[in-house]
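The values are calculated or read from the model by the stated rules, or taken from the named source; none is laboratory data. Remember, predicted model here, so these are calculated numbers, not experimental data. Note: ideal-geometry Cβ built from the backbone for every residue, glycine included; neighbour counts use all protein chains shown. Surface accessibility is based on the protein's heavy atoms, side chains included, excluding ligands, DNA and RNA. Shrake-Rupley method; radii C 1.70, N 1.55, O 1.52, S 1.80 Å.
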Amino acid sequence: QVQRYIRLTELIPELLDMVDERKLAFNPAVEVSYLKRDEQRMLLEAMDAEQTTPSLSQAQRIKKFSQEGKLTKESMLAIMSEEKKPEIGKVTLGTDTLRKYFPTNWTPKQMEDQILKLLNNWYQRTHHSPER
(Lines give C-alpha, C1' and ligand atoms only; values in the text may rest on other atoms or scores of the structure.)
Protein backbone atom coordinates (compact mmCIF):
# COMPACT_ATOMS: atom_id res chain seq x y z
CA GLN A 1 0.00 0.00 0.00
CA VAL A 2 2.87 2.37 0.80
CA GLN A 3 4.31 1.69 -2.66
CA ARG A 4 0.97 2.63 -4.20
CA TYR A 5 1.02 5.97 -2.33
CA ILE A 6 4.60 6.57 -3.48
CA ARG A 7 3.48 5.74 -7.02
CA LEU A 8 1.14 8.77 -6.91
CA THR A 9 4.20 11.04 -6.92
CA GLU A 10 4.44 10.20 -10.64
CA LEU A 11 1.19 12.11 -11.28
CA ILE A 12 1.25 15.58 -12.78
CA PRO A 13 0.33 18.23 -10.15
CA GLU A 14 -3.22 18.76 -11.48
CA LEU A 15 -4.08 15.06 -11.14
CA LEU A 16 -2.41 14.79 -7.75
CA ASP A 17 -4.49 17.75 -6.54
CA MET A 18 -7.61 15.94 -7.74
CA VAL A 19 -6.63 12.91 -5.64
CA ASP A 20 -6.05 15.15 -2.60
CA GLU A 21 -9.46 16.78 -3.14
CA ARG A 22 -11.06 13.33 -3.51
CA LYS A 23 -12.19 14.16 -7.05
CA LEU A 24 -10.08 11.35 -8.51
CA ALA A 25 -10.29 8.02 -6.70
CA PHE A 26 -7.10 6.45 -5.32
CA ASN A 27 -7.06 3.18 -7.29
CA PRO A 28 -7.67 4.74 -10.73
CA ALA A 29 -5.06 7.40 -9.84
CA VAL A 30 -2.44 4.69 -9.21
CA GLU A 31 -3.15 3.23 -12.68
CA VAL A 32 -3.01 6.69 -14.29
CA SER A 33 0.37 7.33 -12.63
CA TYR A 34 1.91 4.86 -15.11
CA LEU A 35 1.02 7.13 -18.05
CA LYS A 36 3.63 9.44 -19.54
CA ARG A 37 3.29 13.09 -18.55
CA ASP A 38 1.88 14.12 -21.93
CA GLU A 39 -0.64 11.25 -21.73
CA GLN A 40 -1.66 12.43 -18.25
CA ARG A 41 -2.26 15.92 -19.67
CA MET A 42 -4.28 14.36 -22.48
CA LEU A 43 -6.32 12.48 -19.85
CA LEU A 44 -6.91 15.73 -17.96
CA GLU A 45 -8.31 17.26 -21.17
CA ALA A 46 -10.51 14.19 -21.79
CA MET A 47 -11.78 14.32 -18.20
CA ASP A 48 -12.65 17.99 -18.65
CA ALA A 49 -14.35 17.36 -22.00
CA GLU A 50 -16.41 14.47 -20.63
CA GLN A 51 -16.89 16.02 -17.15
CA THR A 52 -15.97 12.73 -15.51
CA THR A 53 -13.06 10.89 -13.94
CA PRO A 54 -11.95 7.40 -14.94
CA SER A 55 -13.28 4.35 -13.14
CA LEU A 56 -10.73 1.70 -12.17
CA SER A 57 -11.49 -0.38 -15.26
CA GLN A 58 -11.25 2.67 -17.54
CA ALA A 59 -7.91 3.66 -15.97
CA GLN A 60 -6.60 0.10 -16.40
CA ARG A 61 -7.59 0.05 -20.08
CA ILE A 62 -6.02 3.48 -20.67
CA LYS A 63 -2.80 2.22 -18.99
CA LYS A 64 -2.84 -0.92 -21.18
CA PHE A 65 -3.27 1.14 -24.37
CA SER A 66 -0.34 3.32 -23.24
CA GLN A 67 1.90 0.32 -22.56
CA GLU A 68 1.05 -1.10 -26.00
CA GLY A 69 1.83 2.24 -27.66
CA LYS A 70 -1.77 2.51 -28.88
CA LEU A 71 -3.00 5.38 -26.70
CA THR A 72 -4.32 8.25 -28.79
CA LYS A 73 -6.52 11.20 -27.96
CA GLU A 74 -9.37 9.44 -29.79
CA SER A 75 -8.99 6.15 -27.92
CA MET A 76 -8.79 7.96 -24.60
CA LEU A 77 -11.92 10.00 -25.36
CA ALA A 78 -13.72 6.82 -26.45
CA ILE A 79 -12.90 5.13 -23.12
CA MET A 80 -13.74 8.23 -21.06
CA SER A 81 -17.08 8.76 -22.84
CA GLU A 82 -18.37 5.30 -21.97
CA GLU A 83 -21.48 5.36 -19.87
CA LYS A 84 -20.88 4.36 -16.27
CA LYS A 85 -23.35 2.96 -13.81
CA PRO A 86 -25.20 5.93 -12.33
CA GLU A 87 -23.99 7.02 -8.93
CA ILE A 88 -26.95 7.19 -6.61
CA GLY A 89 -27.34 10.57 -4.97
CA LYS A 90 -24.47 12.32 -6.74
CA VAL A 91 -24.83 15.78 -8.27
CA THR A 92 -22.08 17.10 -10.51
CA LEU A 93 -21.86 20.67 -11.70
CA GLY A 94 -19.17 21.35 -14.26
CA THR A 95 -16.80 24.29 -13.95
CA ASP A 96 -18.17 25.70 -17.21
CA THR A 97 -21.67 25.76 -15.73
CA LEU A 98 -20.51 27.57 -12.60
CA ARG A 99 -17.89 29.90 -14.09
CA LYS A 100 -20.37 32.72 -14.85
CA TYR A 101 -21.20 33.06 -11.14
CA PHE A 102 -17.62 33.49 -9.88
CA PRO A 103 -14.62 35.75 -10.50
CA THR A 104 -12.45 34.41 -13.31
CA ASN A 105 -9.43 33.93 -11.06
CA TRP A 106 -11.23 31.62 -8.59
CA THR A 107 -10.13 27.98 -8.43
CA PRO A 108 -12.64 25.11 -8.47
CA LYS A 109 -11.91 24.60 -4.76
CA GLN A 110 -12.75 28.25 -3.97
CA MET A 111 -15.99 27.90 -5.93
CA GLU A 112 -16.88 24.69 -4.08
CA ASP A 113 -16.20 26.30 -0.69
CA GLN A 114 -18.40 29.30 -1.55
CA ILE A 115 -21.23 27.07 -2.82
CA LEU A 116 -21.14 25.07 0.43
CA LYS A 117 -21.26 28.32 2.49
CA LEU A 118 -24.24 29.54 0.48
CA LEU A 119 -26.04 26.20 0.84
CA ASN A 120 -25.37 26.21 4.57
CA ASN A 121 -26.82 29.74 4.90
CA TRP A 122 -29.86 28.73 2.87
CA TYR A 123 -30.33 25.62 5.00
CA GLN A 124 -30.06 27.62 8.22
CA ARG A 125 -32.70 30.13 7.00
CA THR A 126 -35.15 27.53 5.72
CA HIS A 127 -34.86 24.99 8.54
CA HIS A 128 -34.38 27.18 11.57
CA SER A 129 -36.64 30.13 10.91
CA PRO A 130 -39.30 30.78 13.59
CA GLU A 131 -42.82 29.52 12.90
CA ARG A 132 -45.22 32.18 11.64
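Structure summary
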read-out	value
All positions within the range 96-115 that are open to solvent by 100 Å² or more (accessible area, probe 1.4 Å), in a helix (DSSP H, G or I) and modelled with pLDDT of 85 or more	100, 101
For residue 41: the one exception among (1) farther than 24 Å from residue 11 by Cβ; (2) open to solvent by 80 Å² or more (accessible area, probe 1.4 Å); (3) in contact (Cβ under 8 Å) with a residue 12 or more places away in the chain; (4) not aliphatic (A, V, I, L, M)	(1)
Out of 51, 60, sole residue that is modelled with pLDDT under 95, among the polar types (S, T, N, Q) and either out of contact with any strand residue (DSSP E or B) (no Cβ under 7 Å at 6 or more places or on another chain) or surrounded by fewer than 15 Cβ atoms within 10 Å (Cβ to Cβ) (or both)	51
Test: residue in the range 75-95 that is among the β-branched types (Val, Ile, Thr), open to solvent by 70 Å² or more (accessible area, probe 1.4 Å) and free of Cβ contacts under 8 Å to residues at least 12 places away in the same chain	yes
